[in-house]
Ligand code: GUN
């Protein structure tokens with residue numbers, strides 16, 4: 001029976017550390033601020049944005065929300081991003097994705113000042129991650145690395161399989177595992193023999209958005225299984241990309257949904273915002 005990786009508990013520890021850092025910075029007269037931009041009426045995005053604002057309040061980060069209507073033009077959004085780039089109170093800018101279809105996401109991401117890009121989605125930050133020279137990491141993969149570290153399982157030399165090739169999770173996740181000396185395979189919708197490849201994984205990360213795709217017969221006994229999925233079923237319940245009840249019997253460690261990866265993403269966003277403020281203001285977090 002797998003051990004459950006408690007993302008809620010681990011994220012609470014990260015947020016406690018962030019809170020201490022913010023308090024120390026505040027004492028030096030350095031404030032930390034995050035702007036969260038939400039365009040349109042995507043209900044899942046609304047929930048995520050609310051959680052991000054709540055986390056800011058809990059750790060002492062100043063936050064402001066900019067909610068824009070669905071029909072906002074690309075020019076209007078670009079002009080808001082430029083305003084936030086120039087705003088001294090704001091150290092981090094997060095434009096919640098997905099954006100409405102008439103807005104070019106890449107154009108918006110490219111407009112965010114790389115120093116304030118706490119998602120690490122800007123091409124400059126993506127490139128820096130590729131060469132291992134980064135200030136901050138994309139929040140979900142960074143959170144997953146913390147979850148894997150909490151198991152005590154070494155990544156070096158292990159077979160790592162990432163299902164999903166998104167810019168937000170799959171691709172950067174593979175890169176972080178590679179930086180930690182994993183032997184990494186990225187699978188996607190066109191992959192042949194998916195089950196066979198997954199069965200080789202010591203560390204398996206599922207980030208495809210297909211409810212309960214990963215079954216017991218796709219998991220090596222004892223493997224670390226990380227479920228990034230957040231799928232809403234017809235009955236309104238939430239489920240991951242992993243069939244939890246089935247895989248729990250085989251895996252060594254497994255993340256639940258909810259309460260696994262989700263809370264970690266937000267905790268790492270808080271950490272990135274502090275890092276951004278420290279870099280912008282040439283500050284240091286003085287430790288006692
Ligand atoms: N939508 C889903 N995940 C994310 C994320 O990590 N950042 C942003 N900006 N949008 C998202």
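The values are calculated or read from the model by the stated rules, or taken from the named source; none is laboratory data. These numbers were taken from a predicted model, which means no experiment stands behind them. Please note: Cβ atoms are built from the backbone with ideal geometry, for glycine as well, and neighbour counts cover all protein chains shown.
Table for the structure above
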| quantity | calculated |
| --- | --- |
| Segment 132-164 - residue that is without any contact (Cβ under 8 Å) to a residue 40 or more places away in the chain and within 15 Å of the ligand (Cβ to nearest atom) and, of those, nearest to residue 229 (Cα to Cα) | 141 |
| Yes/no for residue 10 being within 24 Å of residue 144 (Cβ to Cβ), crowded, with 16+ Cβ neighbours inside 10 Å and in contact (Cβ under 8 Å) with a residue 40 or more places away in the chain | yes |
| First in segment 91-102 and more than 14 Å from the ligand (Cβ to nearest atom), second anywhere and assigned to a loop (DSSP other than H, G, I, E, B), Cβ under 7 Å, 6 or more apart | 91/32 |
| Among the residues listed as 106, 125, the single one being surrounded by fewer than 17 Cβ atoms within 10 Å (Cβ to Cβ), at pLDDT 95 or above, part of a helix (DSSP H, G or I) and within 16 Å of the ligand (Cβ to nearest atom) | 106 |
| Residue within segment 266-277 that is over 23 Å from the mean Cα position of the chain (by Cα) and under 25 Å from residue 152 (Cβ atoms) present | no |
| Residue check, residue 76 more than 30 Å from residue 133 (Cα to Cα), touching a strand residue (DSSP E or B) at 6+ places or on another chain (Cβ under 6 Å), more than 12 Å from the ligand (Cβ to nearest atom) and free of Cβ contacts under 8 Å to residues at least 60 places away in the same chain | no |
| Subset tally (residues that are outside any loop (DSSP other than H, G, I, E, B) and touching a residue at least 12 places away in the same chain (Cβ under 8 Å)) for segment 109-118 | 5 |
| Exclusive hit being over 20 Å from residue 122 (Cβ atoms) and within 13 Å of the ligand (Cβ to nearest atom), set 26, 42, 50 | 42 |
